[in-house]
Amino acid sequence: MLQLILGGARSGKSRLAEKLAADSALRVVYIATSQPLDGEMNQRVASHRARRPEHWGLVEEPIELARVLRENAAPDCCLLVDCLTLWLTNLLMLDNPERLLQERESLLDSLAGLPGEIIFVSNETGLGVVPLGELTRRYVDEAGLLHQALAERCQRVVLTVAGLPLTLKGTAL
């Protein structure tokens, strides 16, 4: 089963995804896409690590998400990817539009054949004002396009607001 958990900053999306992974009764592998490049990001990563059970596997991959999914997906495994918008940011910062397109298409193409359960976490950025600056507008546009493409492929899509899940597609939580 493919699930997409969307929400704004501090909406509870990661906690919900972690609960779904824990409740799956499958072996869990957490796939972290962040690159903690400053003190604030280091604190966020430490907070996420402290919440996760020690027996969960961990793969840190900022760019080649499709490859990591193919290497780790298994019928007895739940992969939790946190988060897609950080992954997208990493690709945008490469300043190589072709690499972004390649990695996104590789991700979308790989999903249909992957065994087990996969939970994607991502920031919903399209609900606010149009951001200033070309890079931030491109980020919002690319995130929206990625979310639409993933939502088509996922069996469940959930929007998390104030810690409350609102099921947009699939069986309610």
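The values are calculated or read from the model by the stated rules, or taken from the named source; none is laboratory data. Quantities reported herein were computed from a predicted structural model and do not represent experimental measurements. Positions of Cβ are generated from backbone atoms using ideal geometry, with glycine treated the same way; all protein chains shown enter the neighbour counts. With ligands, DNA and RNA removed, areas are computed over all heavy atoms of the protein, side chains included. Shrake-Rupley method; radii C 1.70, N 1.55, O 1.52, S 1.80 Å.
For Leu92, all conditions in the list (1) open to solvent by 30 Å² or more (accessible area, probe 1.4 Å); (2) in a helix (DSSP H, G or I) hold save one; what is the number of the exception?
Among (1) open to solvent by 30 Å² or more (accessible area, probe 1.4 Å); (2) in a helix (DSSP H, G or I), the lone unmet condition for Leu92 is (1).
Does Leu135 qualify as being in a helix (DSSP H, G or I) and either within 17 Å of the chain's Cα centre (by Cα) or not basic (Lys, Arg) (or both)?
yes
Read through the list (1) in a helix (DSSP H, G or I); (2) open to solvent by 40 Å² or more (accessible area, probe 1.4 Å), then give the number of the only condition that Leu107 fails.
Evaluating Leu107 over (1) in a helix (DSSP H, G or I); (2) open to solvent by 40 Å² or more (accessible area, probe 1.4 Å) leaves (2) as the failure.
Could you give me the residue pairs with C-beta distances under 9 Å whose first residue belongs to the stretch 132-147 and is under 22 Å from Leu159 (Cβ atoms) and in contact (Cβ under 8 Å) with a residue 40 or more places away in the chain, whose second residue is open to solvent by 50 Å² or more (accessible area, probe 1.4 Å) and among the charged types (D, E, K, R) wherever it lies, and which are 6+ apart or on separate chains?
Ala143/Glu124; His147/Glu124
What are the residues in the stretch 13-29 that are in contact (Cβ under 8 Å) with a residue 24 or more places away in the chain and of a type in the set (Asp, Glu), if any?
Selection gives Glu18 alone.
Kindly state which helices (runs of 4 or more DSSP H) lie completely within the stretch 1-84 and contain at least 1 residues that are hydroxyl-bearing (Ser, Thr, Tyr) and within 15 Å of the chain's Cα centre (by Cα).
Passing ranges, in order: 13-23.
For the stretch 47-73, which positions are open to solvent by 70 Å² or more (accessible area, probe 1.4 Å) and either under 19 Å from Met1 (Cα atoms) or in contact with a strand residue (DSSP E or B) (Cβ under 6 Å, 6 or more places away or on another chain) (or both)?
Residues satisfying the conditions are Leu58, Glu60, Arg67, Arg70, Glu71.
Select from the stretch 114-173 the residues that are at pLDDT below 95 and touching a Lys or Arg at 6+ places or on another chain (Cβ under 7 Å) and write down the one among them that is surrounded by the most Cβ atoms within 10 Å (Cβ to Cβ).
Only one residue tops the list, namely Pro131.
Among the residues of the stretch 74-89, write down those that are closer than 21 Å to His147 by Cβ and open to solvent by 20 Å² or more (accessible area, probe 1.4 Å).
Within the stretch 74-89, Leu86, Thr89 meet the criteria.
Please enumerate the residues belonging to the stretch 95-104 that are in a loop (DSSP other than H, G, I, E, B) and open to solvent by 90 Å² or more (accessible area, probe 1.4 Å).
Asp95 - this is the single residue of the stretch 95-104 that is in a loop (DSSP other than H, G, I, E, B) and open to solvent by 90 Å² or more (accessible area, probe 1.4 Å).
Filtering the stretch 36-46 down to residues that are closer than 18 Å to Arg15 by Cβ and of a type in the set (A, V, I, L, M, F, W, C), which residue is least open to solvent (accessible area, probe 1.4 Å)?
Among those that are closer than 18 Å to Arg15 by Cβ and of a type in the set (A, V, I, L, M, F, W, C), it is Val45.
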